[in-house]
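Okay, structure first, notes after.
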Amino acid sequence: MRDSKGISMISLIVTVICTILLAAMAIGTGSRYIRESRSKDRATFVSVMSNAVAKRHADTVLNSLAYPYLGYYINDSVIFEKIFVPKVSEPIKYENGIWYVLDTATARGLGVKEPEKYIETIDISYPELVKVALVDYATGNVYLIDAYASEMSGLDSVISGPVIGHDHRYVDELNYPNCTEPLKCADCGFILKESLGHKYDADQHPEPASGDEENAHYNRQCIVCGMQGGYEPHDFEYVHLIKNDLWYHKSYCVICEYEKKYGIETEERCTEVIKLSESESERSKNHIRFCRVCGYSVSEGHDIGYRRISESMHEKYCLNELCGHTITREYHVDANNDSKCDLCNSEIVSYSYPQLGIVEMVNANPISEEQKYMAKYGDNISLKIVADKAIRKETLEVIIAGQKVPQDALVTSDNKTWNITFYLNPNVAIPNGNIAFRITCESLSGVELPAPITSPSDGKRVVFDGTAPMIQYIQKVDRVDEKE
């Protein structure tokens, strides 16, 4: 018996819960239906009022009593911007003579039926919010808004009367608005349509700028009006050309491919200069020819020429006028015995005594380039002598730093070129300064030099410094043995 009662109670509870859930679902469905119905009815009302406003605008004539605009006229743009613009969710613009506020009474005057379902009557003495319609007679737009009666107090209470304002006069409506200019009234400046703004082709290739092609290009051009934008300077690169063995170059922008103009031409003669290689061996064989403007360069062999520098010698040099590098100095050569140099074509005078064209002295074992022309006790001095004709060895006397060089130190293979090494003996006093030398000799025929040779042919002398370093200060330190 107890079990039967328990089952009955459970069934009752389940039944009650289901009933409550079904009732809630029915209420929710009904509420949604009511909301959707009201929204549809509201939209219908707005549409009906919009048609009525648009019809009144189409039927009326400015400054005429026939079919006047009805409502509370908004005659101040400041009030419009401050009070009404914030109440509308889309952008609206003030125009004189077309914006009105309608309540129940004025809506009936336009022929709208049962407006009291959606808007209310404006009563200046009533302080609460009321629902009214903000309308634009020119476009027929209608906006249902909430407003206080106090906000209506600044408006003209025009229920009937002539429509005010003027007919806008738009000039050249076919071409306006354009990319930068709006369509506006030529009399009052009211903007009917805003400017359109430029439109650009996303695939626009940079082109030289009109009127400034030489210096810049642009990467945007409006496909409507052709206005150019996105200017930037050219990025030029050079192309090297050779015409009739002459160097030219032309330049073009790597971005827009504009070719630079040089006057009326697109090509320009290169500004050629010559420089020598850093390598001594290369410098004697080649020079580098390059354009100072476009940077093109090429290594060229010297155009060899010879020119007389003395009665016994000439120099070998590059004939290119931009180079002119002196390669070496040489004695005249007369292989055909016509008394003219076979290379420089200068007259050769017969001499009976030897001509010492090259006399050079250096440190034989320098530790650096700077040390080639410096020496001290214990160093070896190297002296090179080159003559135009053979020298008899026993007549060659060389004195360095006041000391005679032994005969066995005079080394030669042809009696014309001599290589002499001399040791600076620490036991012999040598004055500080330029190391002096003196050379005398005779030719194989026994004719001696007219005067001793005491100066190097290259003008470079070796400086001797025999001063020993001096200790100016010694600090005594006592020794302290460490204890274990």
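The values are calculated or read from the model by the stated rules, or taken from the named source; none is laboratory data. Just so you know, these numbers come straight off a predicted model, no measurement behind them. We place every Cβ from the backbone using ideal geometry, glycine too, and count neighbours over all the protein chains shown.
Determine whether residue 407 is modelled with pLDDT of 90 or more, assigned by TED's automatic domain parsing to the domain that holds residue 373 and exposed (fewer than 13 other Cβ atoms within 10 Å of the Cβ). In short, yes. Total residues in the range 347-368 satisfying the condition of being among the acidic types (Asp, Glu) and within 21 Å of residue 422 (Cβ to Cβ): the figure is 1.
Within the range 184-192, the presence of at least one residue that is basic (Lys, Arg) and either at pLDDT below 85 or in the same structural domain as residue 91 (by TED's automatic domain parsing) (or both) is confirmed. Those strands (runs of 3 or more DSSP E) of the range 270-387 in which 1 or more residues are more than 45 Å from the chain's Cα centre (by Cα) occupy 304-308, 313-318, 326-331, 356-363, 380-387. Scanning the range 424-455 for residues that are at positive phi and either under 60 Å from the mean Cα position of the chain (by Cα) or among the basic types (Lys, Arg) (or both) yields a count of 1. Any residue in the range 85-98 that is free of Cβ contacts under 8 Å to residues at least 40 places away in the same chain, under 12 Å from residue 133 (Cα atoms) and in contact with a strand residue (DSSP E or B) (Cβ under 9 Å, 6 or more places away or on another chain)? No - not one qualifying residue is present in the range 85-98.
Within the range 376-397, which residues are of a type in the set (D, E, K, R) and within 18 Å of residue 429 (Cβ to Cβ)? Within the range 376-397, 376, 379 qualify. For the range 433-451, the candidate set comprises residues that are in a loop (DSSP other than H, G, I, E, B) and at pLDDT 90 or above; within that set, the residue that is surrounded by the fewest Cβ atoms within 10 Å (Cβ to Cβ) is 451. Note on the range 121-150: residues that are modelled with pLDDT of 90 or more and either assigned to a loop (DSSP other than H, G, I, E, B) or small (Gly, Ala, Ser) (or both) total 1.
Quick one: in the range 415-450, which of the residues that are of a type in the set (Gly, Ala, Ser) and out of contact with any helix residue (DSSP H, G or I) (no Cβ under 9 Å at 6 or more places or on another chain) is farthest from residue 362 (Cα to Cα)? In this case the residue turns out to be 445. Quick check: anything in the range 68-86 in a helix (DSSP H, G or I) and of a type in the set (Phe, Trp, Tyr)? Yes, some residue in the range 68-86 is in a helix (DSSP H, G or I) and of a type in the set (Phe, Trp, Tyr). The sole residue among 157, 153 that is at pLDDT below 80 and touching a strand residue (DSSP E or B) at 6+ places or on another chain (Cβ under 7 Å) is 157.
Take residue 311 and tell me if it is farther than 28 Å from residue 248 by Cα and either in contact (Cβ under 8 Å) with a residue 24 or more places away in the chain or of a type in the set (Gly, Ala, Ser) (or both). Judged against the criteria, residue 311 is a match.
Evaluation of residue 430 against the conditions (1) of a type outside the set (Gly, Ala, Ser); (2) free of Cβ contacts under 8 Å to residues at least 24 places away in the same chain; (3) in a loop (DSSP other than H, G, I, E, B) shows that the sole unmet condition is (2).
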